[in-house]
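The values are calculated or read from the model by the stated rules, or taken from the named source; none is laboratory data. This structure is a prediction, so every number in the text was calculated from the model and none was measured. Using ideal geometry, Cβ is built from the backbone for each residue, glycine included, and neighbour counts are taken over all protein chains shown. When the accessible area is computed, the model is the full protein with side chains, heavy atoms only, and any ligands, DNA or RNA have been set aside. Shrake-Rupley method; radii C 1.70, N 1.55, O 1.52, S 1.80 Å.
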Amino acid sequence: MLKVKNLNVSYGAIHAIHDVSLEVNEGEIVSLIGANGAGKTTTLSTITGLKKAASGEVTLDGQNLLAMPAPKIVGLGLAHVPEGRRIFAEMTVAENLEMGAYTRRERAEVQQSIEDVYGRFPRLKERYRQVAGTLSGGEQQMLAIGRALMSRPKILLMDEPSMGLSPLLVKEIFAIIGEVNASGVTVLLVEQNAKMALSIANRAYVLETGRVVMEGDAKELMGNSEIKKAYLGA
Amino acid sequence: MKNSHKKAAASYAVNLVLVLLLFAALYFLVSSGTVNRYYADLISLVCINVTLAVSLNLVTGVLGQLVLGHAGFMLVGAYACALFTKSSALPISVSFPIGLVLAGLMSAVFGVVIGVPALRLRGDYLAIITLGFGEIIRVVANNLKITGGAMGLSGIQAIANRKNPAGMLPYAFFIAAAAIFISFAFARSRHGRAVIAIREDEIAAEASGINTTYYKLLAFVLAAFIAGVAGGLYAHHLGVIDPAKYDFNRSVEILIMVVLGGMGSITGSVISASVLTVLPEALRSFSNYRMLAYSIVLICVMLFRPTGLLGKYEFSLSGTVARFTGKKKPAAAGGVKGGGAQ
Amino acid sequence: SSSSTESSAPGGEPASSEDAAAPEEPPEEDDAAPTADGETIKIGGLAPLTGDVSQYGTAVDNAVKLAVADINAAGGVLGKQVEYICYDEKGDANEAVNAYNKLVNDDGVVALVGDVTSKPTEAVAQRALDDNLPMITASGTAEGITQGRPNVFRACFIDPFQGQLMASYAINKLGAKTAAILFDNGDPYSTGIADAFEAYAKENGLEIVAKEGYQTGTPDFNSQLTTIKEKNPDVLMIPVYYQDVALIAVQAKNLGLTSKMLGADGWDGVLEKIDASNVDALKDVYFCSQYSAESTDENLQSFLATYKETYGLEANMFAVLGYDAMQIMAAAINKAGSTDPDAIIAALGETNYAGLTGTTTFDESNNPVREAIITTVADGAYKFVENYKM
Amino acid sequence: MNVFMTQTLNGLGLGSIYALIALGYSMVYGIVKLINFAHGDIIMVGGYVVLLMMVTMGLPLWMAVIGSVLFCALAGVLIERIAYRRLLNHGAPRISLLITAIGVSIFLQNLFQLIFGSDAKSVPQMFAFPPIAIGSLQIASSTIINIVVSVLMMIGLHLLVNKSRMGKAMRATSEDAGAAMLMGINTNHTVAFTFAVGSALAAVGAVLYCNTYPQLKPVMGNLLGLKAFVAAVLGGIGSIPGAMLGGYILGVAESWTKSYISSNLTDAVVFGILIVVLLLKPTGLLGKNVKEKV
Amino acid sequence: MSKAVLKADHLGITFGGLKAVTDFNAEIGEHELVGLIGPNGAGKTTIFNLLTGVYQPTEGSVYLDGKSMAGKKPHQMVKAGIARTFQNIRLFKDMTVIENVKVAFNQHMKYSVFGGMLRLPSFWKEEDGIDGKARELLRVFNMEDLAQNTAKNLPYGQQRKLEIARALATGAKVLLLDEPAAGMNPTETMELMNAIATIRERFGISIILIEHDMSLVMKICERIIVIDYGQIIATGTPAEVANNPKVIGAYLGE
Ligand SMILES: Nc1ncnc2c1ncn2[C@@H]1O[C@H](COP(=O)(O)OP(=O)(O)OP(=O)(O)O)[C@@H](O)[C@H]1O
Ligand SMILES: Nc1ncnc2c1ncn2[C@@H]1O[C@H](COP(=O)(O)OP(=O)(O)OP(=O)(O)O)[C@@H](O)[C@H]1O
Ligand SMILES: CC(C)C[C@H](N)C(=O)O
Ligand SMILES: [Mg+2]
Ligand SMILES: [Mg+2]
């Protein structure tokens, strides 16, 4: 469903992404792992249109995304939980969720989706009138995920959703990712927490200094000794 | 580490000699009449504007706070100096330097009075509150007896006159040079470092033990002092003080000099202040089109060089000389040139 | 080392001919050419050619150019052609001083005809005193301009005179018992007249019921006018420049203020700044002037005609004064026999010149002895009322 | 008492014009954090367009007003497109943006000076209503018109921002344009729309201005813009009711100062109020105070 | 436990009705390394903010070496000896690495404004001294080679370490680290752990560590305080805490 081919991206003189190719099939969870600065975030941002590519190809269901501005891509059914959460700090929790449903117009259904998110994250319901900027780090992360789900995406891009979360919540988040995926949403997951990421994914890509250095079945990669050494801390 | 001292001393010496040579050359040109009084005055005006831009750069570039009331400090200095020289019985060659010091001090006092409350605010709000103070200074000056009211002050003794066309040059030149040196040195001292840290992240600066209130005020008052001195110079350059001219627009003019040159770059301030002073005079006959052209240039520079012409680049006289004489430019050795964000 | 390429040759000044839908180039165009020996006598000019008071500036500048043309046609000064170099000072004292500096120190003018309004004129006069430069202003009326400055002269009457005159006129001719004043607190011209008016009124039994100032540049006078209206004075003295007069008059009308309005020389030009639909705001108004277009003086009529022909505009009081000022300066230089400043200044002091505004002689403060004319507005036009002597 | 009422109404009339202009400042600032110093000059543009259409083209007033509103909206969008967007989208330092805005301001003033001359142009009477008598005192009809129009505009704008989808988009864009894009918001359009609305309001302000003070000059936007900007900050920049409140307070303060203190000190009082308010409430009267959480 | 350096006495704060921290009591001994853990939003960062003067407590107070710190501003807290890092990295981004560190030395420097502006001998002497000290500190973190790099260009992990180095440069007795390992991979986390151990030895300081990475916390902390909803729910050794059912239920999960 999502295809990236020979993608190259630069920040000025820094060539951050070299010829990256990857593919996400419908219904899959695909993980993208790699050290700090490997280019994971850059890859996601380029797919979503927040960052311009130097060359290459990105398609979603055959439509060329590179020529499209970000808002339009979102309209195609792609949602992105960005790195650093990027919640609307001055809006309340509830308003943040409403913003997530900007592309949807039916009020009642949107309300239902909000309830669904509250069901997943009861903490957010407790805080629904709090200004989002004063939430704790983990609460903000929940909000960011909840907000992305509000657009009822076909494919969800997540950038380090477990960062800064308590062990319990990390488990929960991964459970949620599993549930979301089970409900038919395709997931492209970027993670530092390689162990969890690989255990939940169908397939995975390993990124190093802007290049894909390994790819394959997630379980197999988990057994790979190099991976173990570099990313699993074993 | 002692090596760095020697290098520094050498570079200061080279700079000093170059600055003195430049002055000698200018002074000769003016006093010999090679350059007429009009150009002599223009040189002084350039120096005054350089001083102003450099002083504002301390707050806007180094401290990173937008200030829109700089002309107010200039006005305070202008009045302080002019009123002193007008009322004092001392010969002008004595009363003027004293007046300049008074101008700086008076302006610094205003800097404290305004800075203490204003610096509690940040960003645009600080800018606006300084704008407010600047305007109040002007309006009040417009209504006081001692300041000559709306008429302003006239009959301020000109330092450069028919008999001594180069009279203003030493003052304006050396004050500009001193302002430049002081800004450089300040930005590369522990105090400047603290101020730059505040610009970068106020919360982190506070958490690193920096008394942010104190250092913000320090930069602000230092800038006010220098602007006050420049105001004193300007009053005696022009011979009149019209309070209406020290308004918001004047503050913006100075700000443009700073931003156009490159915020935080003292070299940039110097260059753009000079160009923006000379150009309007050169284009006097095209007065209708010059502002239009100026605005277009301004917009284009900002669009294509958003950080100003020089960004944060600094030109080094001694470095250039070293390069010419084949010696390597001293590396930015710690302790000597620790100019953090510069 | 004068850079005459930068200086604007007469008639070549872009700004001065800008508003003038000039049917033809100003006539002195070819007179700019230096005389056979390649030398000219340079006379400087300063005027607001743009900005809030540009109407005054262009009038003076235009007229001076006509005078220069006439002078050059008649053989010039000291046998040389006159070159007039004028800079726009935008009505701004700082600009004026800078431009003055260029005129004197770079262009090397031997005398100055200017400035136009009082504030910049005052600033420049101080500089001229330091430089001992012969200077005459056509229209700067503030009293201080010539005070203590033996080298500075003017072709117009002075502010205290205008203020007193209008107060006296209000008392004697309009039968006013109460008066109010509305003035620009940021302008020495305005405050000067207001103070003189007030002092004279007090001495002569005209009660000042309100004296309201305003800050330069504001368009809003409703508050002051409301205060004034509350006092319902017989006359309202408004000694300010034409643009503000236009705004004030309309707001006064809209508030239903019915007092007679008085003004001074700054009122000349107000009709151009008030739309026909609002011109009824200007009724029962009286201001003082220094010439009347209805005069039958031949020279004056011929000047007015030439002016109109050249610039496509009616000449106003300041054009007339500008012409005279230039002529007075030229005559003085001729009389001095050289461009030595002291000689010119001495000659200026002895001026006895019969010009468009009558015969000009200077008193001990270098001010001309002038009579005043009262002008009013009727049916959208200026009307001569009478010659008035205090 | 009567005089007091009249003076207050005078102040509200003047304040209405400030308020309308302040709304534009506030909207633009709210969304791109830019003190749009060219905003004051849009009023000037609006005024000249009205004048041109009424006098030169001889169109009726209502057409001139609509024409001016459209023209200014377009001008606002164009200015944003040409002079600001590049900087906005490249995350340039905000001060560069401010300087660009000042550049645009200088450009507009000088352009109009070249076209129309630097001295004032008189404007014909627009609404020929006689003064309105309240008790023994008369109120200029313009005062009433100003107040009514400004209140209507504010209500409209308030609904637009708080109730419409576009309003939501505006709020999101103002907080984090990148995140807003991820929500499917076309931030470029949103910003352009904001400039259009702000400039259109300036055109309305221009009409009221011309009706009250029938004179136009190329530099008129300077002082007016500055005052309106102060009003916006006073009320809490970014807040719509705040801009209105700030405008009214400023107008009334000016009027009262002129009538009861000294007209020489109006600006000092105005800025004094600003300073006091900012010191007590650093984000203005109705501004939200969001502290950074560490 | 040795003598308490830092003591929190009945600390509490409310935000508009929300009790973010209530009745927080803790004593940190000399040279101790204490973990502070708890669910997201439990109030850990808030406790740091209270200990460093960013927030003024609505009740209770903080004591350092037995002296009350009530009413002190953050920079005064630093002077007294409490330094911290931030959950979201807060470096002086456009300054060089070494300048970042030097900023924190400021309070130990004495030369006057004039000394600096006029380049008096006092300036040279102290600047040289500080330069050496800053380099020494960077060496501890293996960052000496990066001294002249601009802070924002450092890799994430190095930025974290630089922040710690800067906090150390203030000469603090107590160091508060807020999630230093967040966003690091296991290898980087290991490296960081070693660095923390080293500095504790070298500088003889006490450390409080907020962290969600249990592998790190359990390994290096001597004592752990667990909070939930702003209140302490458990304290003890890593092993005790890890087996505490309350902690498992609220935080660790099965
Ligand atoms: N705004 C930027 N300007 C310049 N360089 C950048 C910028 N953002 C990222 N880079 C560089 O691009 C490269 C890839 O960065 P990216 O953020 O995509 O990595 P990542 O894999 O997401 O890392 P992390 O795990 O730290 O989030 C890095 O070398 C980084 O320094
Ligand atoms: N300034 C504030 N205003 C309102 N509520 C606040 C403020 N600061 C913190 N809170 C609330 O206090 C609670 C504790 O926040 P804190 O940041 O201390 O959590 P934390 O334990 O550090 O969580 P995390 O592990 O996610 O960083 C949160 O619910 C948060 O929303
Ligand atoms: C042109 C004139 C109206 C000038 C006025 N007389 C003045 O002195 O300012
Ligand atoms: Mg990333
Ligand atoms: Mg936290």
Criterion (more than 25 Å from A:Met91 (Cβ to Cβ), buried (at least 19 other Cβ atoms within 10 Å of the Cβ) and either touching a Cys at 6+ places or on another chain (Cβ under 6 Å) or in contact (Cβ under 8 Å) with a residue 40 or more places away in the chain (or both)) met by exactly one of D:Thr194, D:Thr173, D:Thr143: D:Thr143
If I filter the range E:19-27 for residues that are in contact with a helix residue (DSSP H, G or I) (Cβ under 8 Å, 6 or more places away or on another chain) and away from ligand 5 (no atom under 16 Å from the Cβ), do I get at least one hit? no
In the range B:292-305, how many residues are at the interface with chain D (Cβ under 7 Å from one of its Cβ atoms) and open to solvent by 60 Å² or more (accessible area, probe 1.4 Å)? 1
Those residues of the range A:117-139 which are free of Cβ contacts under 8 Å to residues at least 40 places away in the same chain, over 14 Å from A:Met150 (Cβ atoms) and more than 7 Å from ligand 2 (Cβ to nearest atom) amount to A:Pro122, A:Arg123, A:Lys125, A:Glu126, A:Arg129
Please specify each residue of the range B:76-106 satisfying the condition of being within 14 Å of B:Ile241 (Cβ to Cβ) and either within 14 Å of chain D (Cβ to nearest Cβ) or of a type in the set (Gly, Ala, Ser) (or both). B:Gly77, B:Ala78, B:Ala80, B:Ala82, B:Gly99, B:Ala103
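In the range A:25-141, which helices (runs of 4 or more DSSP H) lie fully inside it and hold 3 or more residues that are within 16 Å of ligand 4 (Cβ to nearest atom) and among the hydroxyl-bearing types (Ser, Thr, Tyr)?
It comes to A:40-48.
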Quick check on the range C:228-254: of everything there that is open to solvent by 20 Å² or more (accessible area, probe 1.4 Å) and facing chain D (nearest Cβ under 7 Å), which residue is farthest from ligand 1 (Cβ to nearest atom)? C:Glu230
Determine which single condition A:Gly77 fails, assuming it passes every other condition in (1) over 18 Å from D:Met181 (Cβ atoms); (2) within 14 Å of chain D (Cβ to nearest Cβ). (1)
Scan the range B:21-59 for residues that are in a helix (DSSP H, G or I), among the small types (Gly, Ala, Ser) and either crowded, with 22+ Cβ neighbours inside 10 Å or in contact (Cβ under 8 Å) with a residue 24 or more places away in the chain (or both) and jot them down. B:Ser31, B:Ala40, B:Ser44, B:Ala53, B:Ser55
Looking only at the range D:220-234, decide whether some residue is more than 13 Å from the chain's Cα centre (by Cα) and open to solvent by 20 Å² or more (accessible area, probe 1.4 Å). no
Could you tell me whether the range E:54-64 includes any residue that is at pLDDT 95 or above and within 14 Å of ligand 5 (Cβ to nearest atom)? no
In the range A:149-164, is there at least one residue being within 9 Å of another protein chain (Cβ to nearest Cβ) and more than 20 Å from E:Ala181 (Cβ to Cβ)? yes
Could you say whether any residue in the range B:169-184 is over 15 Å from the mean Cα position of the chain (by Cα) and away from chain E (no Cβ under 14 Å)? yes
Please name all residue pairs, on different chains or six or more residues apart, with Cβ atoms under 9 Å, provided the first residue is in the range E:239-254 and is over 14 Å from E:Arg223 (Cβ atoms) and the second residue is of a type in the set (Gly, Ala, Ser) and modelled with pLDDT under 90. E:Ala250/A:Ser166; E:Tyr251/A:Ser166; E:Leu252/A:Ser166; E:Gly253/A:Ser166
Read through the list (1) out of contact with any Phe, Trp or Tyr (no Cβ under 9 Å at 6 or more places or on another chain); (2) assigned to a helix (DSSP H, G or I), then give the number of the only condition that B:Val252 fails. (1)
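So, in the range C:159-206, of the ones that are within 16 Å of ligand 3 (Cβ to nearest atom) and of a type in the set (A, V, I, L, M, F, W, C), which residue ends up surrounded by the fewest Cβ atoms within 10 Å (Cβ to Cβ)? It would help to see each step written out before you state the result.
So in the range C:159-206, the residues within 16 Å of ligand 3 (Cβ to nearest atom) come out as C:159-166, C:183-197.
Filter once more, so that each one left must be of a type in the set (A, V, I, L, M, F, W, C): C:161, C:165-166, C:183, C:193-194, C:196-197.
Details: C:Phe161: 20, C:Leu165: 24, C:Met166: 30, C:Phe183: 26, C:Ile193: 36, C:Ala194: 27, C:Ala196: 23, C:Phe197: 31.
If we take residues in the range C:159-206 being within 16 Å of ligand 3 (Cβ to nearest atom) and of a type in the set (A, V, I, L, M, F, W, C), then C:Phe161 is surrounded by the fewest Cβ atoms within 10 Å (Cβ to Cβ).
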Every pair of residues 6+ apart whose Cβ atoms lie under 6 Å, when the first sits in the range A:183-198 and is closer than 15 Å to E:Thr187 by Cα while the second is away from ligand 3 (no atom under 16 Å from the Cβ) and in a helix (DSSP H, G or I): A:Glu191/A:Ala197; A:Ala194/A:Tyr231
Residue under question is A:Thr59, and the condition is that it be of a type in the set (S, T, N, Q) and within 19 Å of D:Met183 (Cα to Cα); does it hold? no
Taking the range B:114-162 as the search range and keeping residues that are of a type in the set (D, E, K, R) and open to solvent by less than 40 Å² (accessible area, probe 1.4 Å), which one is modelled with the lowest pLDDT? B:Asp124
Quick one: which residue in E:Asn153, E:Asn149, E:Asn88 is open to solvent by 30 Å² or more (accessible area, probe 1.4 Å), more than 9 Å from chain B (Cβ to nearest Cβ) and either basic (Lys, Arg) or in contact (Cβ under 8 Å) with a residue 12 or more places away in the chain (or both)? E:Asn149
Subset of the range A:17-68 (residues that are open to solvent by 40 Å² or more (accessible area, probe 1.4 Å), within 11 Å of ligand 1 (Cβ to nearest atom) and among the basic types (Lys, Arg)): A:Lys51
Going through (1) modelled with pLDDT of 95 or more; (2) within 14 Å of the chain's Cα centre (by Cα); (3) over 30 Å from E:Thr22 (Cα atoms) one by one, E:Leu175 fails only at (3)
Strands (runs of 3 or more DSSP E) contained entirely in the range E:17-104, each with at least 1 residues that are closer than 18 Å to E:Glu163 by Cβ: E:33-37, E:82-84
Test: residue in the range A:14-32 that is in contact with a strand residue (DSSP E or B) (Cβ under 6 Å, 6 or more places away or on another chain), polar (S, T, N, Q) and either at pLDDT 90 or above or away from ligand 2 (no atom under 16 Å from the Cβ) (or both): yes
Has the range B:55-62 got any residue that is in contact with a strand residue (DSSP E or B) (Cβ under 9 Å, 6 or more places away or on another chain) and polar (S, T, N, Q)? no
